[in-house]
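First up is the structure itself, then whatever we jot down about it.
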Ligand code: FES
């Protein structure tokens, strides 16, 4: 779809927020906390941004974009070129980081990782659930939305700029494992790794994370070709070690949408009917992987000689 930028505002050092509306004023697709949209920028660049506004407002989407000096130009375009009144292509919303039911939540954000957590806290608050936020960042000035969070939620929010307090003390904030508590974390890879280590003693599936970039993966389970049956297309393709499953099935005529092609956005999710995928994405949780009923074709492969896909 094509949406219009109705407002653009600076919300922190190096962070702008965009409000997007339908050009005709039509209502937009519903979404749930943790969802993201894809911005289609000139030259086909696609970037994913978490929806951070009010999900109960059916007419606007809000995203926040961090300027990434080492990036490939997507954030620079949003910061330097895109203006209120411009139109942009938008895909989604999709949600691979859903807020699952729980008695209480601990939210941990690093920098721009606050964005998917904002609607989650709003939702938890509406439901009257117990929750707390630990929010770290380089400096107070670089931490988007910290003032409105403190104003709205007071003591439940702990703002920890690194230049004032040093690194986050995750272990003491998390405390001892508590059944009935879900930990949601979004931020840079070192923060996610630290939270994963500190949550290793928690009940299984307590921790849910969202990554900006692909996690390091071990070598593929096999380095020999395997076959993929496309059940609905009625074809079988051989996937050699130098080709992704996504490319192989496309060459066989299957229509599969893709975007990041790094296993982080979720666009190429495909149901698996038979066989054991070698999951190599940065999205599925442990129990979702164990179900082996879906895979991301851009990065995941096969453990066995054959996979059957619902394509
Ligand atoms: Fe993004 Fe496959 S295209 S996960």
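For the chain, the 222 nm mean residue ellipticity estimated from helices alone, with every DSSP H stretch of n ≥ 4 adding -39500 (n - 2.57) and the total spread over all residues, rounds to -5000 deg cm²/dmol. In the chain the Cα-Cα distances spread across 10 Å bins starting at 0 as 6, 25, 31, 25, 12, 2, 0 percent of all pairs.
One compactness figure for the stretch 161-226 is 1.44, namely its Cα radius of gyration divided by 2.2 N^0.38 Å.
Multiplying each eigenvalue of the alpha-carbon gyration tensor of the stretch 71-120 by 5 and taking the square root yields semi-axes of 30, 15, 10 Å, largest first, rounded to whole angstroms. Across the stretch 12-169, the volume of the C-alpha convex hull divided among the residues equals 126 Å³ per residue. The alpha-carbon positions of the stretch 26-112 define a convex hull whose volume is 119 Å³ per residue.
Determine the equivalent ellipsoid of the stretch 75-155 by diagonalising the alpha-carbon gyration tensor, then write out the semi-axes as square roots of 5 times the eigenvalues, largest first, rounded to whole Å. Display every interim value, and only then the final one.
Values: eigenvalues 143, 66, 26 Å².
Taking √(5λ) for each Cα gyration eigenvalue gives 27, 18, 11 Å.
Pairs of Cα atoms nearer than 8 Å and 6+ residues apart set the relative contact order; for the chain it is 14 percent.
Projected label points at residue 238 and residue 165, each 7 Å from Cα along the beta carbon direction, are separated by 5.9 nanometres.
Nearest-5 percent of antiparallel DSSP beta bridges in the chain? Antiparallel bridges: around 60 percent, rounded to the nearest 5. Treating the angle as unsigned and between 0 and 90°, give the value, to the nearest 10°, between the Cα long axis of helix 189-198 and the longest Cα principal axis of the chain. Relative to the chain, helix 189-198 is tipped by roughly 90 degrees. Taking the stretch 33-71 and a reference point 7 angstrom along Cα→Cβ of residue 129, the backbone N atoms nearer than 13 Å belong to 33-34. To the nearest Å, what is the center-to-center distance of the stretch 41-89 and the stretch 190-246, using C-alpha atoms only? That distance is 27 Å.
Three principal axis extents of the stretch 232-292 based on alpha-carbon atoms, in descending order, are 30, 25, 23 Å. As an exercise, take the mean of 1/r over every pair of distinct alpha carbons in the stretch 109-189, invert it, and state the Kirkwood radius in angstroms. Kirkwood hydrodynamic radius for the stretch 109-189: 13.2 Å. For the stretch 187-310, the calculated P(r) over all alpha carbon pairs, in 5 Å bins from 0 to the bin holding the longest distance, is 2, 11, 20, 23, 19, 11, 8, 5, 2, 0 percent.
Read the figures in this text as sums done on the coordinates, not as results from a lab. Remember, predicted model here, so these are calculated numbers, not experimental data. Methodologically, a virtual Cβ is constructed for each residue, glycine included, from the backbone with ideal geometry; neighbour enumeration extends over all protein chains shown.
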